[in-house]
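Please treat every number below as a calculation from the coordinates, not as lab data. Not measured: the values here are computed from a predicted model. Counting neighbours? That spans all protein chains shown, and the Cβs are built from the backbone with ideal geometry, glycine included.
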Amino acid sequence: MNVLLIGSGGREHALAWKLSQSPKLDTLFCAPGNPGIADVATNCAINITDHQAVIDFCRLQGVELVIVGPEAPLVDGLADSLQDAGIATFGPSGKAAQLEGSKGFTKDLCAKYDIPTAAYQRFNNAPKAKAYLRAQGAPIVIKADGLAAGKGVTVAMTMSEAIDAVEDCFEGAFGEAGAEVVIEEYMEGPEVSFFCLCDGKTALPLTSAQDHKRVGEGDTGPNTGGMGAYSPAPIFTEGMQAEVMDRIIEPTMRGMTEMGCPFQGVLYAGLMVTEQGPKLIEYNVRFGDPECEVLMLRMASDLLPVLKAAADGDLSKANVTWHDETALTVIMCAPNYPASPEKGSIIKNLNTANAMENIEIFHAGTAMKNGELTASGGRVLAVCGIGSDVKSAQKRAYDGVKAVDWPEGFYRSDIGWRAV
Ligand code: AMP
Ligand code: GLY
């Protein structure tokens with residue numbers, strides 16, 4: 001099978017790495033890809049916002065499956081255009097991608113189908129939002145409705161932070177994404193990410209992971225796309241998985257079908273384990289990054305046939321198996337990430353580090369310049385270790401980090417601390 005993968009980050013390198021091991025794969029194309037992906041796929045410069053250009057490429061190259069990595073092309077309806085053209089595509093329709101693209105959409109779905117989540121109200125103007133804040137009191141959570149690159153959420157511990165957050169949204173800090181605001185009850189408890197494959201009707205549970213969103217040690221400082229992750233998350237027991245499938249995932253699948261937008265693709269539930277049990281914080285409609293990196297390292301079975309089965313709308317015969325080991329990844333970042341990462345520094349010794357036992361390195365933001373590998377994004381490398389438990393996977397990952405010769409790069413030295 002010829003496959004086209006869309007994206008250029010660590011998530012897509014991990015997907016490409018795993019897909020490239022499939023006996024069912026003929027040629028793997030990636031648009032736009034990155035220098036790490038080039039080792040396992042053919043990178044191609046297609047403008048993915050030009051849906052017809054993607055369709056033309058697929059027809060020319062005999063692509064039988066397109067796999068969409070990031071959320072933006074999904075919210076933009078790329079999967080709709082491809083499916084309409086008769087090209088099987090793994091990833092939800094633009095309408096179903098509202099589960100990530102609009103926080104208000106997801107909260108309304110939760111209310112309608114009695115899915116456990118924080119209590120909320122939606123607002124489209126500042127005076128009403130502020131009156132509600134004052135009535136509720138702090139701590140309280142303010143969210144821009146739309147996609148805001150992970151920056152649209154403020155967990156306000158005081159009323160003045162809450163008021164500032166509402167003003168920022170309505171004054172355009174997040175552009176269109178902040179034209180509507182969701183205000184939520186503050187929840188407390190450990191967080192966990194849980195992933196399912198969906199075929200439009202049913203959801204096949206995959207596994208759990210733990211992300212580290214804050215830039216600083218001990219989970220401090222500004223939010224990022226994710227500074228590291230491990231899988232599985234020990235707090236996510238089999239019993240909890242059954243409860244989440246029953247009370248959160250299955251009603252969501254039912255609700256999406258009833259609302260005329262059946263969900264196909266990967267459903268990523270961000271959960272908080274509260275005293276009243278697991279509650280939904282948010283949905284994403286794609287694999288997490290860097291969670292995908294650790295998921296792919298743990299997946300024992302072939303990825304390609306299950307993604308194709310989901311895209312074809314029938315997961316009833318699909319089966320996914322996992323290695324018993326834990327995988328942990330440490331993200332190496334360019335200086336000054338997340339504010340304004342400095343690009344262009346040179347990275348050396350990557351091949352030697354990658355060849356070490358039980359270590360795998362995925363490229364997240366790299367570029368080749370004059371024959372040298374350079375940092376070209378905020379999150380640059382995902383250095384992964386595999387071990388019998390979180391502690392040994394952590395040790396391997398940091399052995400890998402230390403073997404990379406990139407003095408400008410920085411990373412958190414405590415990934416996995418809650419579990420160790
Ligand atoms: P989100 O983008 O919705 O995942 O939110 C980003 C982060 O904000 C989450 O990972 C949580 O740490 C925090 N957060 C979101 N909603 C709430 C809530 N209702 N109560 C407490 N923390 C929250
Ligand atoms: N690591 C968080 C995300 O992918 O949204």
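Taking the square roots of 5 times each eigenvalue of the Cα gyration tensor of region 202-262, largest first, gives ellipsoid semi-axes of 29, 16, 9 Å.
Charging the Cβ of each Asp and Glu at -1 and of each Lys and Arg at +1, and nothing else, the dipole of region 110-208 about its Cα centre rounds to 240 debye. Based on every Cα atom in region 4-109, Rg and the maximum pairwise Cα distance Dmax equal 14.0, 44 Å. Taking one quarter of the surface of the C-alpha convex hull of region 72-170 gives a mean projected area of 7.5 nm². Computed from the C-alpha gyration tensor, the three semi-axes of the ellipsoid equivalent to region 174-299 are 23, 19, 16 Å, from longest to shortest. The amide H of residue 347, built 1.01 Å from its N in the peptide plane, has 373, 374, 375 as neighbours under 5 Å, considering only residues 5 or more places off or on other chains.
Residues whose amide H lies under 5 Å from that of residue 44, counting only those 5 or more places away or on a different chain, are 30, 31; hydrogens are built 1.01 Å from N in the peptide plane. Of all lysines in the structure, the ones whose alpha carbon falls short of 18 Å from that of residue 279, not counting any fewer than 8 places away in one chain, are 103, 107, 112, 143. The charge dipole of region 1-69, taken about its Cα centre with unit charges on the Cβ atoms of Lys, Arg (+1), Asp and Glu (-1) only, comes to about 160 debye.
In terms of other Cβ atoms within 10 Å, 322, 17 run from fewest to most in the order 322, 17. The modelled label-to-label distance between residue 238 and residue 276, using points 7 Å beyond Cα along the C-beta direction, is 2.9 nm. The ranking of 51, 13, 363 from fewest to most other beta carbons within 10 Å of each one's beta carbon is 51, 363, 13. Remark: 176, 282 ranked as 176, 282, counting other beta-carbon atoms within 10 Å and listing the fewest first. With one equal scatterer per alpha carbon and no solvent term, the Debye-computed log10 I(q)/I(0) for the chain at 0.06 1/Å reads -0.23. Distances between every pair of Cα atoms in region 298-420, grouped in 10 Å steps from 0 to the bin holding the largest one, split as 13, 35, 28, 20, 4 percent. Along the axis of the charge dipole computed for the chain (Cβ charges of +1 for Lys and Arg, -1 for Asp and Glu, origin at the Cα centre), the listed residues 251, 300, 373 are led at the positive end by 373. Only DSSP H runs of four or more residues enter the estimate; each adds -39500 (n - 2.57), and after division by the residues of the chain the mean residue ellipticity at 222 nm equals -8000 deg cm²/dmol. Counting only residues at least eight positions apart within a chain, or on another chain, there are no aspartates and glutamates with an alpha carbon under 13 Å from that of residue 402.
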